[in-house]
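Enquirer: Next up is a structure, given as structure tokens.
The values are calculated or read from the model by the stated rules, or taken from the named source; none is laboratory data. Bear in mind that the values here come from a model prediction, so they are computed numbers and not experimental data. Cβ atoms come from the backbone with ideal geometry, glycine included; neighbour counts cover every protein chain shown.
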Amino acid sequence: MQLEILIEKFKQKDEKAFESLYNMYRESMQGVIYNIVRDSDIAEEVMQDVFIKAWHNSQSYSAEKGRFFTWILNISRNSAIDKIRSKSFKNSKQNLNSDFFVDILESNDSLDNSTDAIGVSKFVSKLAKKCVEVIELLYFKGYTQAEASEALDMPIGTIKTRNRNCIQELRNIVLN
């Protein structure tokens, strides 16, 4: 079935369309979420919440504003960031064992294989190092612009400008 028809049926609350889209995008969205929350159980929970949220807000999707994949990716990313900023998440991570920290140190240094859940690292790797640093922090690690500014020891205005310019450059690479 064509994606446009599937999305239209999804917006009309067709359960089979929901199931098809869920199966198409589940792994990619869970990979993006996992990259932020770093817990597979929580990533699965958030991913399911994302699809329920998308189902309830399906009328807000507009093909004129962007692709469905981008729409659901933004919902996923924002939900994952909301989760790690929640008080319950922070409280649950207060007494972590050392394995959690070893994993962070091994995998959070750069764009790694788990980041490539949606195949974006090949495009990001074509960007300048300064772009990779900003995109990695803001989009793959869930930093706020203020946190990225502090981590990279740059003014927040520079982070905002670099983010805008680098995303535009990434868009040009992907679309060409």
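Enquirer: Looking at (1) modelled with pLDDT of 85 or more; (2) closer than 18 Å to residue 31 by Cβ; (3) polar (S, T, N, Q), which is the one condition that is false for residue 115?
Expert: Unmet for residue 115, out of (1) modelled with pLDDT of 85 or more; (2) closer than 18 Å to residue 31 by Cβ; (3) polar (S, T, N, Q): (1).
Enquirer: Please work out if residue 4 is charged (D, E, K, R), closer than 17 Å to residue 140 by Cα, assigned by TED's automatic domain parsing to the domain that holds residue 91 and part of a helix (DSSP H, G or I). Quick ask: steps written out before the conclusion?
Expert: Numbers: charged (D, E, K, R): yes; closer than 17 Å to residue 140 by Cα: no; assigned by TED's automatic domain parsing to the domain that holds residue 91: yes; part of a helix (DSSP H, G or I): yes.
When the stated conditions are applied, residue 4 does not pass them.
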